[in-house]
Structures are given as C-alpha cells and as structure tokens.
Amino acid sequence: MISRTRKEESVTISYIPDKKDLSILKLLQENARVTVKEIAEKVHLSTTPVHERIKRMEEAGIIKQYATLVDNTKVKKSLMVICYVSLKQHGKNAGAKFIKVINNLNEVIECYSISGEFDFMLKVVCEDMNAYYDFHVNKLSETENVGHVQSIFIMGIIKQTHQLVWE
C-alpha cells in the first residue's frame, strides 16, 4: 500500500511492506550485492516485480542505503570505544551544535541521543590508544558545551549485526 503526502514541498511516501517485501529485504540484508534475478528465484516472482518492489522500498525510505561492512581490525582501526557524553547545557541550540561537530568527526562512526545520566552515546573507532587520546583530548573534550565524557573500551565483539529479522 502506497500513499503520498505533501510536506514542505517534498513528497513523503508511506509504504507498508508485505511478506514478499520482507523476504526481499532479508535477502538484501544478507548480501546487498545479490542480483534481482537471484532474489526473484528465491521469492518466486519474476524480475520486474522484484525490481519494482525494491524501487518502492527505496523511495519510501525503507531501504536507506547499501553499504560495505569493513572489518576495522584489518584496516588499522582496531581500537573501538563507547563514549558516553553529557552536555553542560541542554537547550535545542546546544544539542544541535554538538551534533554538527560530531557529524564532522571521522572517528565517530555512530552517535545516539540517549536518556539517563548521559545525553549521547558515541561509537568511536581509532588506530590505537594514542589516536584515541588525541581524539578525546583535542577534539571531543574541546567541543563546546561538553560536560562529562566516560570512555568504555571494547574488549571483544560478541554479536554485531545490522540485520533486522521478521518472524
């Protein structure tokens, strides 16, 4: 089901995926390089409807992007740190300024706005402890309005996935 609504001169497409769409999404999450022909064979449709379904899900924002997952340890980015950050001031503008800075820091690969004692949780990847020290002291701690930072060093990865599952 597709419905279109006008919002500030942009078109928002609302699309509710059915079971075939979810099967297609599962295959794409497992391997984004899978061909439309291979998907069609596995979901028992011809290539044209599969292609149309994928396009609709892309247009609706269900499929946000296609990505290559990289093993950080094999590209000299072996130190992974979770940083909890609290801001000194909590106004709308203060938060927006912090987010703008974070979006420009290459070491930060994920950032979440969270509840509780801290305001943000960052996932930071660096080459080593020296690189993290430089990031922490010269970039993150120098960011305007940063109050407290708590760093937690990842010792090992038990589970890491980007795949959503439907049952």
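Each reported figure results from applying straightforward, stated rules to the coordinates on display, with no laboratory input. Please read all numbers here as calculations on a predicted model, not as lab measurements. Cβ sites come from the backbone with ideal geometry, for glycine too, and all protein chains shown count toward neighbours.
Of S141, A94, Q163, which is farthest along the charge dipole of the chain in the positive direction, counting Lys and Arg as +1 and Asp and Glu as -1 at C-beta?
Positive-end residue among those listed: Q163.
Which of these, V36, V124, V108, has the largest mean-square fluctuation under a Gaussian network model of the chain (Cα springs below 10 Å)?
V36
If you take every residue apart from Y66 with its C-beta less than 11 Å away from the C-beta of Y66, what net charge results, scoring Lys and Arg +1 and Asp and Glu -1?
Here the charged neighbours net out to +1.
Give the aspartates and glutamates reachable from K19 as a straight Cα distance under 13 Å; neighbours fewer than 8 places away on the same chain don't count.
In chain and number order, the partners are E167.
Residues with beta-carbon under 12 Å from that of A94, excluding A94: net charge, scoring Lys, Arg +1 and Asp, Glu -1?
+2
S46: net charge of surrounding residues, Cβ under 14 Å, Lys/Arg +1, Asp/Glu -1, itself excluded?
Residues close to S46 contribute a combined charge of +1.
Output the Cα-based Rg and Dmax of the range 72-153 in Å, rounding Rg to one decimal and Dmax to a whole number.
12.4, 40
Treating the beta-carbon of each Lys and Arg as +1 and of each Asp and Glu as -1, no other charges, what is the dipole magnitude of the range 1-144 about its Cα centre, to the nearest 20 debye?
Dipole size: approximately 520 debye.
Please give every one of the lysines within straight-line cross-link reach of K77, meaning a C-alpha to C-alpha distance under 28 Å, and leave out same-chain neighbours fewer than 8 residues apart.
Once the sequence-local lysines are set aside, what remains near K77 is K64, K97, K100, K123, K139, K159.
Could you work out [θ]222 nm for the chain from helices alone, using -39500 (n - 2.57) per DSSP H run of at least four and dividing by all its residues? Round to the nearest 500 deg cm²/dmol.
Helix contribution divided over all residues of the chain: -9500 deg cm²/dmol.
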